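The values are calculated or read from the model by the stated rules, or taken from the named source; none is laboratory data. Given the structure is predicted, the values throughout are model-derived calculations rather than measurements. Here the Cβ positions follow ideal geometry from the backbone for every residue, glycine too, while neighbour counts run over all protein chains shown.
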Amino acid sequence: MQDARVGCWALFKVFSHMALQGFGGVLPFAYRHLVERTQWLTAAEFGQLLSIAQLLPGPTICNLSVMVGQRYAGVAGGFSALAGLLLGPFFIVIALGAAYQGLAHHPLFVNAMRGMAAAASGLILATALKLAVGMLRGTSQRGRRLLQLALLAAAFIGLGVAKLGLITVVATLVPIGFLLFAFVWRKP
């Protein structure tokens, strides 16, 4: 559905819905809404836009919303998608900030926050696995798959295990990926 136009109101509603579902961790819901439900993007397109959104300054999901909105409804669509993503959580944060003062040290509240952190971690891991499966499914050559898995493993080890900074990992792996694309992956 790449060439079809989507209205600003539809963009606002979809991004509002995903923002309110995934308050604090919208990326798994963005994949579900944009790829699986509305089918505005394929898994490969989502991965490509997500990669670009991560390299741009600012929150990744905001960058993604602007790119998707602009793609389907121009500048107004970009603003509509971003507004849908931000308005509901904005008012919720204001209300929660007022309530937080009285609940910050209550044991039930502390345990609820720990549970939400665990659930968010699981959702992010599930989305990463979906993206990896989608990326590898489109790959026909065994050598290419192994190289992609090696890059994924290197990113995981660099960020998760070695605790290297994002800039260090990206500055190291992006040139390797470019070289692999230029000399290995483009060949039939």
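The combined condition, being closer than 20 Å to GLU45 by Cα, in a helix (DSSP H, G or I), under 22 Å from the mean Cα position of the chain (by Cα) and small (Gly, Ala, Ser), is fulfilled by ALA73. The conditions of being assigned to a helix (DSSP H, G or I), on the phi < 0 side of the Ramachandran plot and either surrounded by fewer than 13 Cβ atoms within 10 Å (Cβ to Cβ) or at pLDDT 95 or above (or both) are met by GLU36.
Scanning segment 112-139 for residues being at pLDDT 80 or above and under 22 Å from LEU34 (Cβ atoms) gives a total of 11.
The condition (being aromatic (Phe, Trp, Tyr), at pLDDT 95 or above and touching a helix residue (DSSP H, G or I) at 6+ places or on another chain (Cβ under 9 Å)) is satisfied by just one residue among PHE79, PHE109: PHE79. Take THR127 and decide whether it is hydroxyl-bearing (Ser, Thr, Tyr) and in the same structural domain as HIS17 (by TED's automatic domain parsing). For THR127, the condition - hydroxyl-bearing (Ser, Thr, Tyr) and in the same structural domain as HIS17 (by TED's automatic domain parsing) - is met.
Quick grid of which residues meet (1) surrounded by 11 or more Cβ atoms within 10 Å (Cβ to Cβ); (2) among the charged types (D, E, K, R):
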{"site": "VAL110", "(1), (2)": "yes, no"}
{"site": "ALA120", "(1), (2)": "yes, no"}
{"site": "ARG142", "(1), (2)": "no, yes"}
{"site": "LEU151", "(1), (2)": "yes, no"}
{"site": "LYS163", "(1), (2)": "no, yes"}
{"site": "ILE167", "(1), (2)": "no, no"}
{"site": "THR172", "(1), (2)": "yes, no"}
{"site": "PRO175", "(1), (2)": "no, no"}
{"site": "LEU180", "(1), (2)": "yes, no"}
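More than 20 Å from TRP9 (Cα to Cα), surrounded by fewer than 16 Cβ atoms within 10 Å (Cβ to Cβ) and assigned by TED's automatic domain parsing to the domain that holds SER16: is that true of GLY74 in this structure? Spelling it out, it is not the case that GLY74 is more than 20 Å from TRP9 (Cα to Cα), surrounded by fewer than 16 Cβ atoms within 10 Å (Cβ to Cβ) and assigned by TED's automatic domain parsing to the domain that holds SER16.
Determine, yes or no, whether ALA120 is assigned by TED's automatic domain parsing to the domain that holds THR42 and either hydrophobic (A, V, I, L, M, F, W, C) or over 22 Å from PHE46 (Cβ atoms) (or both). Against the criterion (assigned by TED's automatic domain parsing to the domain that holds THR42 and either hydrophobic (A, V, I, L, M, F, W, C) or over 22 Å from PHE46 (Cβ atoms) (or both)), ALA120 qualifies.
Can you find a residue that is in a helix (DSSP H, G or I) and of a type in the set (Lys, Arg) anywhere in segment 169-188? No - not one qualifying residue is present in segment 169-188. Considering only residues that are touching a Gly at 6+ places or on another chain (Cβ under 9 Å) and surrounded by fewer than 19 Cβ atoms within 10 Å (Cβ to Cβ), which ones fall in segment 11-27? Residues satisfying the conditions are LYS13, HIS17, LEU20, PHE23.
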